[in-house]
Amino acid sequence: MGDVDYYKRLTLEAKLIKQKYKTLGTGREGKLSKWSGCITVRNRPLNISIQIPEEFPNKPPLINANGVQTNLNEELDVLKNWRQEYNVTDVIDALRKYLEEKIDADKTISRRLAEELQGMRENSRLLMSGSEYVSIRVMRDNPSLREYRLLIVFQKYSKPRLNGKVINIKLKLPEEFPMAKPKIEISSGKEEIDLNLGNYLENLPPMRNWTPDKHLFEVALSILEFFNNFAMAVCPICLNKINAQEYDSAIKCRNPRCQSLYHKNCFEGWIKQGYKRECVFCDTPI
């Protein structure tokens with residue numbers, strides 16, 4: 001009785017398959033339990049094969065799609081929540097819908113990645129010109145649109161201990177981008193400036209308040225602003241920055257780990273008030 005019911009069900013499934021998917025067939029063997037052929041998904045050909053087990057319809061059909069790198073049993077609800085009244089064509093329909101959504105999503109992310117590339121290119125000159133303290137060069141070491149490298153160079157008028165130092169930072173766009181924020185990796189140079197960079201960069205405004213409408217160049221510009229402020233030489237006495245015109249005449253702490261700069265007038269006035277001729281940060285004689 002079971003074999004008769006199984007054959008009747010196979011006959012019904014064959015009728016439905018031939019009506020809806022005429023490009024599928026049973027091949028030379030002519031077994032109604034095995035089907036294969038080519039279907040189209042968004043005008044793209046896709047070879048599939050289907051095997052209907054003897055336990056069908058208690059168990060779902062086995063489907064294989066060439067080139068689809070995923071576990072269909074986990075991705076397709078019709079297979080995860082199989083019911084006896086479902087048909088083989090329901091599985092094929094679900095597969096097509098799943099792949100159509102995947103193709104559409106890939107197109108959407110491709111457009112977004114192209115937008116990010118354009119944004120980085122348009123802002124590269126601004127990043128490179130930087131400020132009087134740092135400049136950033138945007139680089140791509142591989143053709144991937146998901147990875148950029150920022151070469152950060154501290155300029156002449158930055159803090160003396162940073163002068164000429166270089167930091168390499170990688171910006172990576174995860175698979176979940178733009179729903180997930182970019183990843184920032186410090187590949188080299190972190191030890192040069194003795195700073196817990198990771199925490200600072202992760203808490204920059206675009207990263208801390210990430211939303212899908214934000215862009216990678218906003219992160220890069222925020223990094224530029226951070227390093228610009230970090231590299232700015234500030235007189236510890238008047239708390240004003242030491243600009244390019246004042247830099248060469250400024251008084252510098254001799255401690256190589258400190259090297260704080262003071263406005264000449266500020267430091268001389270400080271001494272006249274009776275303070276010791278030493279750095280206010282590290283007490284090194286000046």
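Read the figures in this text as sums done on the coordinates, not as results from a lab. Keep in mind that this is a model prediction, so the values were computed, not measured. For neighbour counting, all protein chains shown are included, and Cβ atoms are generated from backbone atoms with ideal geometry for every residue, glycine included.
For this structure, a couple of remarks:
- Residues (more than 11 Å from the chain's Cα centre (by Cα), over 30 Å from Arg254 (Cβ atoms) and touching a residue at least 12 places away in the same chain (Cβ under 8 Å)) located in region 135-167: Ile136, Arg137, Val138, Met139, Arg149, Leu150, Leu151
- Residue pairs meeting the criteria (Cβ under 8 Å; at least 6 apart or on separate chains; first within 13 Å of Arg146 (Cβ to Cβ), in region 104-132; second part of a helix (DSSP H, G or I) and of a type outside the set (Val, Ile, Thr)): Glu116/Leu216; Glu116/Phe217; Met120/Leu216; Met120/Phe217; Met120/Ala220
- Criterion applied to Gly25, Gly37 was being under 40 Å from the mean Cα position of the chain (by Cα) and among the small types (Gly, Ala, Ser), and the one residue passing it is Gly37.
- Cross-chain or 6+ apart pairs with Cβ under 7 Å, region 265-286 first and touching a residue at least 12 places away in the same chain (Cβ under 8 Å), then β-branched (Val, Ile, Thr): Cys266/Ile237; Phe267/Ile237; Phe267/Ile251; Trp270/Ile237; Cys279/Ile286; Ile286/Ile251
- Picking from residues in region 222-255 that are assigned to a helix (DSSP H, G or I) and in contact with a strand residue (DSSP E or B) (Cβ under 6 Å, 6 or more places away or on another chain), the one that is surrounded by the most Cβ atoms within 10 Å (Cβ to Cβ) is Phe227.
- Helices (runs of 4 or more DSSP H) (entirely within region 1-86) containing at least 2 residues that are polar (S, T, N, Q) and either out of contact with any Ser or Thr (no Cβ under 6 Å at 6 or more places or on another chain) or on the phi > 0 side of the Ramachandran plot (or both): 2-20
- Subset of region 21-35 that is over 17 Å from Ala65 (Cβ atoms) and charged (D, E, K, R) - its residue that is surrounded by the fewest Cβ atoms within 10 Å (Cβ to Cβ): Arg28
- Yes/no for Glu122 being in a helix (DSSP H, G or I) and exposed (fewer than 12 other Cβ atoms within 10 Å of the Cβ): yes
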